[in-house]
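These notes concern the structure reproduced below.
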Amino acid sequence: MFCTGCLPARASEHLRGPELLALAPEPPTAPDLSPLAPFQCPICFESFAWQSENVITVPCPRAHRFCRLCLTQHAAAQRFPRCPGEGCRHELSDEELVDICGEDSVTVLSFREELLLKAVFGLGDAVHCPNPCCRSILSVEPGSGRQRVECCNWPAWCTQCRQPYHYAVDCRDVQALRDQWLQWVSHGRTVYNETRAQHAEFERQKQALEEAAARHAELKHDEEWKQANCRECPRCRRVVQKIDGCNSMVCGEDTHGGNRQQGCGHRFQWDKARAYQAAPDSRPLPRLDVQDVKVRGAGIRHPFCRCSRCHQDIVGPRFRCIHCPDYNLCASCDSDATVAQDHPASHVFQILFQPEYDLRAHLPVGSRIVIADGSERQGFEATVQHEICQESPSYGPSTFGCDFGCRILSFTCFGAFRV
């Protein structure tokens with residue numbers, strides 16, 4: 001037995017000539033780098049001449065090679081192109097892109113623009129217009145939170161989320177409100193109106209039942225009183241009441257004349273006449289054919305807020321447009337199909353089923369507040385912190401609000417007012 005390493009040496013003792021060459025290991029073959037040798041692109045698998053001008057060597061550590069067409073298409077598909085070699089992280093420079101795509105190519109121009117934008121945005125005080133047809137870069141005040149920006153003919157947008165600007169809500173809540181509004185428009189409004197109509201029908205039937213029951217109780221009380229205090233005329237059965245005097249009665253007038261009323265004029269003795277018998281009301285009471293349902297937000301009042309269409313105080317759900325400084329709708333106007341004629345249909349509304357401000361939580365103990373249903377708001381004095389105009393004026397009982405339609409962020413009562 002011989003190991004593979006000793007086999008050639010042992011074989012040389014017994015073999016000569018071609019037989020010995022057959023056992024010797026073949027030396028490795030070097031790649032043929034001649035200009036006529038074929039090269040296969042690892043992306044499209046097309047064959048090219050090794051030294052062809054259509055083959056490009058990327059100046060990366062592994063010197064990957066690709067055909068010019070594949071490398072050009074790869075560079076055009078990325079903002080900051082890298083070498084397409086497997087596991088290679090080499091970023092193509094401006095000079096390398098010029099060699100691949102050409103000086104005036106769209107890829108090179110876009111790459112230089114992206115480099116400029118990257119450098120500008122790295123400063124932290126610039127934003128890009130979200131309009132895909134606009135390449136403007138706008139400067140914003142650093143550290144000031146979300147800002148309202150207008151550019152070209154694009155709707156005003158938020159500098160933080162780059163979505164249409166939203167008042168009174170944070171950026172993280174916009175998508176949830178948009179989903180809620182789309183659900184309301186698709187079927188929520190129809191279901192709510194049906195529920196509200198069912199509740200209104202129940203209240204109507206309930207009121208009719210209560211009124212009928214009250215009339216029934218009143219009639220029963222009247223019949224019981226007449227049974228205890230009245231008699232019947234022996235001739236015409238008319239109900240007669242004795243007010244005072246003797247037992248001698250005349251149907252329809254006093255015994256000695258006067259106080260004439262409808263009656264047959266028959267004379268009889270009070271103590272001999274038949275007592276009145278109460279006649280119970282046999283009419284059935286109305287029935288409740290509709291089951292009561294709870295309407296969310298029903299009867300809820302929203303202080304300092306009026307409908308922007310009907311200009312009435314909002315009672316019930318409040319619909320606040322998050323894209324307008326001050327646009328609110330009541331439930332009736334929200335269901336009106338003509339709203340889209342004077343308000344953008346793309347705007348999202350926040351649905352408030354509860355008042356945004358609890359007055360009781362801000363008033364001192366012992367304070368009492370009265371909110372009039374008219375145009376005046378009375379009963380307190382408050383300091384208002386504004387969202388847009390950044391002012392904090394002190395408003396009295398009769399004026400509350402500002403020209404910008406700012407929402408009320410906070411207010412403090414200065415004392416107990418009673419009007």
Item checked: Residue under evaluation K220, criteria (1) assigned to a loop (DSSP other than H, G, I, E, B); (2) in contact with an Asp or Glu (Cβ under 9 Å, 6 or more places away or on another chain); (3) basic (K, R), criterion not met -> (1)
Checklist line | Any chance I322 is β-branched (V, I, T) and at pLDDT 90 or above | finding: yes
Item checked: Residue check, L219 closer than 19 Å to P325 by Cα and either among the aliphatic types (A, V, I, L, M) or surrounded by 15 or more Cβ atoms within 10 Å (Cβ to Cβ) (or both) -> no
Notebook entry, point to check: Can you list the helices (runs of 4 or more DSSP H) found entirely within the stretch 250-366 that contain at least 1 residues being among the polar types (S, T, N, Q)?
Noted result: 331-334, 339-342
Note to self: Can you tell me how many residues within the stretch 274-299 are under 25 Å from T338 (Cα atoms) and without any contact (Cβ under 8 Å) to a residue 60 or more places away in the chain?
What the structure shows: 2
Check: On the given criteria, is H266 modelled with pLDDT under 90, surrounded by 14 or more Cβ atoms within 10 Å (Cβ to Cβ) and not hydrophobic (A, V, I, L, M, F, W, C)?
Finding: yes
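To keep it simple, each residue is scored yes or no on (1) in contact with a Phe, Trp or Tyr (Cβ under 7 Å, 6 or more places away or on another chain); (2) part of a helix (DSSP H, G or I); (3) modelled with pLDDT of 90 or more.
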| residue | (1), (2), (3) |
| --- | --- |
| W157 | yes, no, no |
| L177 | no, yes, yes |
| W184 | no, yes, yes |
| K206 | no, yes, no |
| W225 | no, yes, yes |
| G245 | no, no, no |
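The values are calculated or read from the model by the stated rules, or taken from the named source; none is laboratory data. The structure displayed is predicted, hence computed values, not measured ones. Positions of Cβ are generated from backbone atoms using ideal geometry, with glycine treated the same way; all protein chains shown enter the neighbour counts.
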